[in-house]
1. Taking the residues in region A:156-189 that are open to solvent by 10 Å² or more (accessible area, probe 1.4 Å) and under 22 Å from the mean Cα position of the chain (by Cα) as candidates, determine which candidate is nearest to the other protein chains (Cβ to nearest Cβ).
2. Do we have A:Ala136 as open to solvent by 30 Å² or more (accessible area, probe 1.4 Å) and free of Cβ contacts under 8 Å to residues at least 24 places away in the same chain here?
3. When you go through (1) at pLDDT 90 or above; (2) over 20 Å from A:Glu121 (Cα atoms); (3) surrounded by 11 or more Cβ atoms within 10 Å (Cβ to Cβ) one by one for A:Phe348, which number turns out not to apply?
4. Going through region B:92-107 one residue at a time, which ones are in contact with a strand residue (DSSP E or B) (Cβ under 7 Å, 6 or more places away or on another chain) and either buried (at least 24 other Cβ atoms within 10 Å of the Cβ) or outside the structural domain of B:Asn56 (by TED's automatic domain parsing) (or both)?
5. From the list B:Asp97, B:Asp75, B:Asp89, exactly one residue is at positive phi and either outside any loop (DSSP other than H, G, I, E, B) or not small (Gly, Ala, Ser) (or both). Which is it?
6. Among the residues of region A:35-48, how many are within 13 Å of ligand 1 (Cβ to nearest atom) and either more than 16 Å from A:Phe204 (Cα to Cα) or of a type in the set (Phe, Trp, Tyr) (or both)?
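The values are calculated or read from the model by the stated rules, or taken from the named source; none is laboratory data. Everything quoted here is computed from the prediction, not taken from an experiment. Neighbour counts are summed over all protein chains in view; Cβ atoms, including those assigned to glycine, are modelled from backbone coordinates with ideal geometry. Please note that ligands, DNA and RNA were not included when accessible areas were found on the heavy atoms of the full protein model with its side chains. Shrake-Rupley method; radii C 1.70, N 1.55, O 1.52, S 1.80 Å.
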Amino acid sequence: MIKNIGSKIASWIDERYNLEPLRNLIKHKKVPAHRYSIWYYMGGVTLFLFFVQLLTGILLLLYYRPGEDSAYESVRFIVTEVKFGWLIRNVHSWSANLLVLFAFIHMFSVFFSKAYKKPRELTWVTGFILLVLTLAFGFSGYLLPWNELAFFATKVGTDIVGVVPIIGEPLKMILRGGEDVTGATLSRFFGIHVAILPAIFTVFLVAHLFFIQQQGMHEPEKFKNLPENKKKYIPFFPDFALKDLLFWVVVFNILIFLALYFPWELGNKADAFAPAPEGIKPEWYFMFMFHTLKLLPAHILFIEGELFGILIFGVAAVIWMLIPFIKIKQKHGWKIQPLTLIGILVVFFIAVMTIIGYLV
Amino acid sequence: MKIDRRKFLNSLLGIGGIGGIISVFYPIISYLIPPKTTEPKVSSIKAGLSAEFPTNSSKIIKFGRQPVILIKTEDNEYKALAATCTHLDCIVQYKNDTKQIWCACHNGIFDLNGRNISGPPPRPLEEYEVKIVKDEIVITKAG
Ligand code: HEM
Ligand code: FES
């Protein structure tokens, strides 16, 4: 009965809009199966977590009230009074962290499998921009509860921008909505977090997914060189999609576990006239940058330490974004490709700086 | 002749286009930069009674919109310094064990005269004058 109605609706639509291309796509889309197939799931999980952010974010919006005198109070109201408010907030906070984590894992897996090479240069570039936007989501969202830690994290984070010559000061003013971090900053960050970033993010996400759909999954060198009959594929529908779904369910369970047993702290309300609390630390995904800046002396050559640090990070980020367009010749006798070596050094640097940051 | 006319029209369009773009973006960029709020000029404030301020302790005082850290040293001397760290804008605190001023954000340390003695801060903290007028602590901006 239901099946009958379903196929009737399908043929009604088909008659008018021609579903043939869609049907072909579903039938023929396939995914290479090999030792490293597991990495194909990282992007999907990142996408899933973004949807979780979207849903929980919209739910939080129903009670959240930006403003120096209302933001902290409204978040406290959400976690203490609203039914399951604590759950929604914990899921939003934890999912934000998992999202950043999986975005990083996804990026490095793509990097080490060389999937950014021609013809996928723009998939890499859009992906990198999505990661930067995700970090911006994290940074702007962090201020919204208007607590002590967030207040100082935002002071430091926006003050760093001011270090850049010429454009730094105006940019800092634009971000802060004034000289200092105040309620004006909170209003701006709120707008950035819930309107500007979601809009920009959606554009790049659509482009990213469109490129992937057009080109299909990247095949590693070894797999590509196999004789045709040795290459194994699995159909996207239903095999890969179901595996994707399974992984989403696993991550979802981890997320709920974290949200239930490790509630996100709200801390003390921000006070512009209280010292920065002892042991203040940024979110873990900014730790490697934070700690690097901490280690730099006040002056390097003729410029301030931060300026030096921020310039190096800025240049490194641009190079990293443009990696598909950079060719380095492999020297004879080298066992490892130079870019792979650079990637390993980058991961090593991030890992070591993060760990040291937490130890000291 | 025809080409010239086309060229002419194209450059007219180009100039008009650029003008159009500027007339859209100029107001938007200007809008983004917050207007300067005129701060009420504060030149001195009272910070409570000297007798009520414990030795070897500190508190943060609102000097207009600026936080100022007021310290009563071990020898009952007063020091008032801008509490905003010269590194990246955090608010500093007095450590009564080491008798130094400490910034928790990146471990910056200043001495009691506000000089940056270790860590990333590039400049000393600005000093304020402290006077005791009839047992009341009065802080004034130096200079
Ligand atoms: C990549 C996606 C996103 C990330 C990484 C992210 C991250 C964050 C973070 C870290 C917080 C602070 C959590 C806390 O300490 O309470 C936050 C708060 C918030 N976010 Fe998001 N967010 C994302 C997307 C969204 C979206 C799409 C919306 C809505 C349109 C949204 C709405 C909110 C609201 C209203 C708050 C304040 C409530 C609160 O602080 O609990 N977020 N976000
Ligand atoms: S802000 Fe004070 S040491 Fe960095």
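1. Per the stated criteria, the residue is A:Val156.
2. So A:Ala136 fails the test.
3. Of the numbered conditions (1) at pLDDT 90 or above; (2) over 20 Å from A:Glu121 (Cα atoms); (3) surrounded by 11 or more Cβ atoms within 10 Å (Cβ to Cβ), the odd one out for A:Phe348 is (3).
4. B:Val92, B:Tyr94, B:Ile101
5. Of B:Asp97, B:Asp75, B:Asp89, the one residue that is at positive phi and either outside any loop (DSSP other than H, G, I, E, B) or not small (Gly, Ala, Ser) (or both) is B:Asp89.
6. The total comes to 1.
Here is a yes/no grid of residues against (1) touching a residue at least 12 places away in the same chain (Cβ under 8 Å); (2) among the small types (Gly, Ala, Ser); (3) out of contact with any strand residue (DSSP E or B) (no Cβ under 7 Å at 6 or more places or on another chain):
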{"position": "A:Asp14", "(1), (2), (3)": "no, no, yes"}
{"position": "A:Pro21", "(1), (2), (3)": "no, no, yes"}
{"position": "A:Lys30", "(1), (2), (3)": "yes, no, no"}
{"position": "A:Tyr64", "(1), (2), (3)": "yes, no, yes"}
{"position": "A:Trp86", "(1), (2), (3)": "yes, no, yes"}
{"position": "A:Leu98", "(1), (2), (3)": "yes, no, yes"}
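Yes or no, residue by residue, for (1) assigned to a strand (DSSP E or B); (2) within 13 Å of another protein chain (Cβ to nearest Cβ); (3) touching a Pro at 6+ places or on another chain (Cβ under 9 Å); (4) not basic (Lys, Arg):
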residue	(1), (2), (3), (4)
B:His106	no, yes, yes, yes
B:Leu112	no, no, no, yes
B:Lys131	yes, no, no, no
B:Ile137	yes, no, no, yes
B:Thr140	yes, no, no, yes
